[in-house]
Each structure stands twice: as C-alpha cells, then as structure tokens.
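One structure is given below, encoded as structure tokens.
What follows draws every value from the coordinates through simple rules; no lab data is involved. All values reported here derive from a predicted model rather than from experimental measurement. Don't worry about glycine lacking a Cβ; one is built from the backbone with ideal geometry, like all the others, and counts go over all protein chains shown.
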C-alpha cells in the first residue's frame with residue numbers, strides 16, 4: 001500500500017475524529033460548569049457525591065470508562081450494543097472531560113477575590129448577575145491556559161476510541177498497520193495529531209490574546 | 001447632593017445595641033449610633049476594634065447577631081432578625097460602600113464600572129452616562145472613561161470607586177478605610193474628594209486612620225476599642241480633650 005493511499009484511507013476517519021473532538025467540547029465545557037457548581041454547593045451531601053464522582057472519573061483510565069459506557073449496558077441489562085458507537089464514545093469523553101473541566105472551573109472561581117462579590121452585592125447585582133457579569137468573565141480569562149492544556153490532550157485522547165473499534169482516524173491507522181505489518185500508519189497519525197494541535201494552539205492563543213485587554 | 005430637609009429630625013441610619021461575634025470572639029458589643037442627614041461621622045480606633053465590622057454589618061456584608069439597624073426609621077434588622085430579602089434589597093439602594101481595596105471590576109472600563117449598576121436597576125442609559133461623566137469630572141478623572149482599572153493609580157481607582165457608589169444616588173455613603181491601601185502621596189487626592197463631598201452635605205460614615213482628616217471633616221467622631229464605643233463626640237472634644245484614658249493613649253500615638 002502506498003503512503004498516499006494510507007493517508008487517504010486514514011483521512012476518511014478524520015471526520016469521526018473531529019466529531020469526537022467537537023462534540024466532547026460542546027457537551028463537556030458546559031457540563032463541567034454544572035459539576036463545578038454542584039461540587040461547590042453549600043449542601044454537604046451534594047458536594048460530597050459530586051466529589052466522589054470526580055475522583056472516579058479522574059482516578060480511573062479513560063479507556064476503561066469508554067469500555068464501560070459502550071459495553072456496560074450489554075453486560076448489565078443485556079441491551080444491544082449501539083451500532084453507532086459515536087454516542088457512547090461521546091458520552092464517555094464528555095463525562096470524563098467534564099470532571100477535569102469542573103476542577104479547572106472551581107480553581108478559577110475560587111481564585112476570584114471576595115471583594116468582587118461584595119462590591120457587586122452592595123451595588124445591587126443579583127447573585128445570577130454577579131456570576132454571569134462579574135465572576136465568569138474573569139474566571140474564563142484566568143483558566144484559559146489550563147483549558148488549552150485539556151483541549152490539546154483531548155485531540156490526542158480521541159485516538160482512544162480504537163478500544164471500542166470506532167472507525168476514527170487512529171483506529172483505521174491501527175488496522176492498516178496490522179494488515180500491512182507497517183509502522184508507517186502510526187507516523188501518519190502522529191503527523192495528523194500534531195497538525196491538528198498546531199491549529200488548536202493558534203486558535204486558543206488568539207482567544208487568550210483577545211482576553212488580554214485587561215489585567 | 002440633595003438633602004431631604006423633611007427628614008431632618010429622623011436619622012438616615014440608626015443602629016441600636018448591635019452585637020456580633022465570630023465564633024467565640026465578640027467583635028461588636030452593644031453598639032449604638034445614629035447618623036443624621038448631611039453629617040459626617042468618623043470611626044477611629046486600633047486594628048481589630050470592630051470599626052470595619054460595624055460598617056460591614058450596616059451594609060449587610062456581615063450578619064449581626066443581635067440589635068437593630070434602621071434606615072430612614074424603618075427596620076432592616078429588628079432585634080437580630082433580618083427583614084425579608086426583597087426588603088433588604090430595597091434598603092441596599094439607600095447606601096453605598098467604598099472599600100479599602102477599591103474592588104473595581106477589572107474587566108470593565110471605568111465607564112462601565114460606573115454605569116452598569118444603575119443601568120441594571122432600570123435607569124435610563126443616557127441619563128446614567130451623563131451622570132457618570134459629571135461624576136468623573138467631579139472626581140478629577142476627566143478623559144479616563146475608557147481606561148481599565150489596571151491602567152490607573154490606586155488613588156484614581158479609589159476615586160472611580162467613589163464615583164461608582166455615587167452613581168446610584170445613595171442617601172448615605174460608607175467608607176471602609178478608603179486610603180489604607182494607598183501610598184501616602186495618593187492618600188491626599190482621595191481625602192480631597194471625600195472632603196468635597198462633605199462640603200456638599202453628603203451623609204457619610206468613614207472608618208479611617210487619618211486623624212487630621214477625621215478631625216477636620218467630621219461632625220462627630222467615634223472612638224472604638226475591642227468592640228465597644230469608648231468615646232464619641234465633636235471632633236474637637238475627642239481629639240482636643242479626650243475624657244477616656246484609652247482614647248488618650250490611642251491618640252498619643254498619632255501625636256495629636
């Protein structure tokens with residue numbers, strides 16, 4: 001198989017790689033905020049339960065979570081494994097990344113000085129207005145470097161979908177590598193991820209720059 | 001600043017027998033004071049005497065354990081029981097607060113810092129803008145509308161914070177050590193605008209360590225120590241001829 005055919009074949013999986021990437025961000029970024037707020041809840045029970053789930057999601061391999069979400073329903077309830085693996089893959093990724101984002105958000109929220117809340121309260125902001133207008137914009141700026149880190153990791157983590165044979169780029173590459181007994185597909189995959197992350201880096205850098213209008 | 005002459009008999013703020021503890025430590029004990037319209041009351045005393053806590057209770061940032069807080073003769077806190085949230089929000093429109101550390105919103109321009117709170121309260125945006133520009137001029141900050149807080153000196157930031165508080169047209173303004181975070185050379189410019197507000201008969205309570213300022217500007221001075229009001233009176237009495245031994249001792253450190 002020529003290098004060109006290899007690249008073309010693997011490119012066919014690129015759409016699915018992108019699907020995992022974008023859908024995961026779409027769901028995990030807001031879900032992480034909800035988890036962070038639950039984690040910081042004044043209700044001890046809510047806070048502890050959330051904390052427990054975060055430790056599980058961060059303390060066990062993503063690969064295991066992928067297997068659990070994809071095949072768990074079959075082993076537990078005898079339910080059929082869904083034909084479209086994108087759904088369980090995105091669910092597993094979203095929940096896992098939400099746990100990481102939640103801790104980043106929490107760190108950001110807790111780093112905002114109390115004085116900001118106090119000033120807003122005295123000035124008549126409601127709690128919701130305080131969060132949306134005063135706290136959140138400052139949090140976003142502060143956490144951008146950490147979020148960029150996670151997003152870069154996510155690009156590479158999409159390759160983990162091969163464990164449930166979801167036909168994304170890396171899975172296809174691995175299949176070619178097996179059938180052709182060649183290491184070339186892995187190099188191609190590496191170049192793909194590198195270029196993908198080059199773009200991610202540029203985009204995130206641009207967002208960070210736009211948030212630099214204040215200190 | 002408009003002074004409502006009809007209310008001259010009743011205090012804007014009245015505090016009766018206020019008490020507050022942090023855990024086991026009592027920080028306010030049996031504090032009573034009232035502030036008449038147009039008056040400037042200075043609160044002095046050593047660190048940890050409860051001065052700031054008193055202001056923070058008056059502005060609902062801390063919850064008092066017992067006593068009364070009345071604004072315009074109406075109970076915000078009655079025997080340690082707080083009025084319903086909606087009422088407290090209405091009381092909040094009566095006072096403004098200037099913090100030691102300014103607490104401007106760093107992601108907002110000077111103009112937005114000043115204009116957003118009244119705009120959120122439903123005031124006409126054009127009028128709010130006009131008033132903000134007027135206040136900035138008064139604070140000596142013309143041309144700083146579009147600056148961000150980090151681009152300003154501490155003294156300028158504090159003057160923006162004062163303008164922000166005034167933009168809501170409070171009946172009474174609280175200052176919590178407004179110059180303590182400032183270099184000595186920037187302190188003067190902030191004290192100057194507070195003095196100017198006093199000349200305009202703005203009602204104010206100022207917690208401060210600036211003794212000459214307190215003496216010159218206040219109608220009344222309160223000396224607090226360990227959660228008690230030790231002595232209070234006309235500034236010339238408290239500074240010139242203090243009655244209590246503790247007051248004399250404290251003022252001696254300031255070479256009065």
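So how much slack lies between residue B:246 and residue B:219, counting 0.36 nm per residue of separation and subtracting their Cα-Cα distance, in nm?
Numbers: separation 27, 0.36 × 27 = 9.72 nm, distance 2.14 nm.
The span from residue B:246 to residue B:219 would gain 7.6 nm if fully extended.
Given their separation in residues at 0.36 nm each and the Cα-Cα distance between them, residue A:47 and residue A:114 gain 22.1 nm when the chain is fully extended. The distance between label points at residue B:196 and residue A:140 comes to 3.6 nm (points 7 Å beyond Cα on the Cα→Cβ vector). Annotation for the stretch A:100-142 versus the stretch B:74-110: alpha-carbon center distance of 18 Å.
Can you classify the stretch A:6-74 as rounded, prolate or oblate using the Cα gyration tensor, where a ≥ b ≥ c are the square roots of its eigenvalues, rounded means a/c under 1.5, and otherwise it's prolate if a/b beats b/c and oblate if not?
Working: a/c = 3.65, a/b = 2.04, b/c = 1.79.
Taking the square roots of the gyration eigenvalues as a ≥ b ≥ c, the stretch A:6-74 is prolate.
Against chain A, whose longest principal axis is taken from its Cα atoms, helix A:86-110 shows a tilt of about 30°.
Based on Cα contacts under 8 Å between residues 6+ apart, chain B shows a relative contact order of 26 percent. Per residue of peptide A:100-113, the mean number of Cβ atoms on other chains within 10 Å of the residue Cβ is 0. For the stretch A:157-215 versus the stretch B:169-226, the spacing of their alpha-carbon centroids is 61 Å. Here the simple spin-label model places points 7 Å from the Cα toward Cβ, and for residue A:210 and residue B:90 these points are separated by 4.4 nm. Segment residue A:1..residue A:55, full-extension length gain: 14.9 nm, with 0.36 nm per residue of separation and the alpha-carbon distance subtracted. Averaged over the residues of peptide B:106-114, the number of Cβ atoms from other protein chains lying within 10 Å of each residue's Cβ is 3.
Between 0 and 90 degrees, the angle of helix B:125-138 with respect to the longest Cα principal axis of chain B falls at about 60 degrees. Across chain A, Cα pairs under 8 Å and at least six residues apart give a relative contact order of 28 percent. Label sites at residue B:146 and residue B:21, each approximated as a point 7 angstrom past Cα along Cα to Cβ, lie 5.6 nm apart.
Among B:223, B:22, B:95, the largest mean-square fluctuation in a Gaussian network model of chain B, built with springs joining Cα atoms closer than 10 Å, belongs to B:22. The overall shape of the stretch A:3-211 is oblate: from the C-alpha gyration tensor, with semi-axes ordered a ≥ b ≥ c, the ratio a/c is 1.5 or greater and a/b is no larger than b/c. With axes computed from alpha carbons, what is the tilt in degrees of helix A:44-59 against the longest principal axis of chain A, rounded to the nearest 10 within 0 to 90? Around 30 degrees separate the two axes.
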